[in-house]
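Colleague: The structure is given below, and queries will be raised subsequently.
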Amino acid sequence: MQAADFMREAIALARANIADGGRPFGAVLVRDGQVIARAVNTIHRTQDPTAHAELLAIREASRLLDSPRLDGCEIYASGHPCPMCLAAMHLCGIQAAYFAYSNDDGEPFGLSTARVYAEMSRPPLQQSLPLHPLRPQGEEGLYQAWQRYRG
């Protein structure tokens, strides 16, 4: 299969998800030309706001490959990945991501993540979601403890 075939599959998953009452998002995760995982956005079924197609494909691939690292993998997504999904891709080592429909395509339908991208580009302490450091008095050594147990 070629890249366009993987993208067609992601779009077909998204179209089937629409018919199921969901959002138009599907993802196909591939390594070495082989599909490892497929997923659709399941927010409508699970009420889980993190149940995005890309995240679910990452979770399934990690489970199947028995590894939190997905180095060498690519994701084909029907829509432009949101900041949460992009962060997950960076964290697990996805080497490339492709999308069919942009934020501009989704804007008229309320599917754009442009506002979220703009907010996330601000320094953490200047974002609209307050992020405050708070370490209780006497608390220390959490990361050192983790390092000791890692070996």
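Colleague: Between beta-carbons, use under 14 Å as the cut-off and find the net charge around ILE36, counting Lys and Arg +1, Asp and Glu -1.
Modeller: Taking every Cβ under 14 Å from that of ILE36, the sum is -2.
Colleague: Here's another thing I want to ask about it. Which percentage, to the nearest 5, of the DSSP beta bridges contained in the chain is antiparallel?
Modeller: Around 70 percent of the beta bridges assigned by DSSP in the chain are antiparallel ones.
Colleague: Under a point spin-label approximation (7 Å from Cα along Cα-to-Cβ), what is the VAL35-TYR149 distance to one decimal in nm?
Modeller: Reported label-point gap for VAL35 and TYR149 is 3.9 nm.
Colleague: Follow-up. Where Lys and Arg each count +1 and Asp and Glu each count -1, what net charge lies around ALA96 among other residues with Cβ under 14 Å from its Cβ?
Modeller: Around ALA96, the surrounding residues sum to -3.
Colleague: Sticking with this structure for a sec: What whole-number volume per residue, in cubic angstrom, does the convex hull of the C-alpha atoms of segment 16-91 give?
Modeller: With only Cα atoms used, segment 16-91 gives 86 Å³ per residue.
Colleague: Using only alpha-carbon positions, what ratio does the radius of gyration of the chain give when scaled by 2.2 N^0.38 Å?
Modeller: 1.21
Colleague: Taking the simple approach of a point 7 Å from Cα along Cα-to-Cβ for both GLN127 and ASP104, what is their distance in nm?
Modeller: A separation of 2.6 nm, rounded to one decimal place.
Colleague: Find, among the trypsin sites (Lys or Arg not before Pro) in segment 16-78, those assigned to loop by DSSP (not H, G, I, E, B) with at most 15 other beta-carbon atoms within 10 angstrom.
Modeller: ARG69
Colleague: For GLY79, enumerate residues with amide H under 5 Å from its amide H, sequence gap 5+ or separate chain, H modeled in the peptide plane.
Modeller: Sorted by chain and number, the residues that satisfy this are GLY26, ALA100, TYR101.
Colleague: In Å and whole numbers, how far do the C-alpha atoms of segment 1-45 stretch along each principal axis, longest first?
Modeller: Over segment 1-45, Cα extents along the principal axes are 32, 15, 9 Å.
Colleague: At a 1.4 Å probe radius, carbon and sulfur cover how many percent of the accessible area of the chain?
Modeller: 55 percent
Colleague: In Å², what does the accessible area per residue of the chain work out to with a 1.4 Å probe?
Modeller: Roughly 67 Å² per residue, with all protein chains present.
Colleague: For the chain, take the longest principal axis of its alpha carbons; what is the angle in degrees between that and the long axis of helix 3-19, to the nearest 10 within 0 to 90?
Modeller: The helix 3-19 is inclined about 90 degrees to the chain.
Colleague: If you don't mind, another one. What is the extension gain from LEU111 to GLN95, computed as 0.36 nm multiplied by their sequence separation minus the C-alpha to C-alpha distance, in nm to one decimal?
Modeller: 3.2 nm
Colleague: Quick one: net charge of GLY72's neighbours, Cβ under 10 Å, K/R +1, D/E -1?
Modeller: -1
Colleague: Between ILE18 and THR50, what's the calculated FRET efficiency when r is the beta-carbon distance and R0 is 22 Å? Round to 0.05.
Modeller: The pair ILE18/THR50 has a calculated efficiency of 0.65.
Colleague: State, to one decimal in nm, how far the label point of ALA87 lies from the label point of ASP5, with both points 7 Å from Cα in the Cβ direction.
Modeller: 3.6 nm
Colleague: Please give the calculated 222 nm ellipticity per residue for the chain, where each DSSP H segment of at least 4 residues contributes -39500 (n - 2.57) and the sum is spread over every residue; nearest 500 deg cm²/dmol?
Modeller: Counting only the DSSP helices, I get -12000 deg cm²/dmol.
The values are calculated or read from the model by the stated rules, or taken from the named source; none is laboratory data. Computed from a predicted model, the values in this text were never measured in an experiment. All Cβ positions, even for glycine, are placed from backbone atoms using ideal geometry, and neighbour counts span all protein chains on display. Surface accessibility is based on the protein's heavy atoms, side chains included, excluding ligands, DNA and RNA. Shrake-Rupley method; radii C 1.70, N 1.55, O 1.52, S 1.80 Å.
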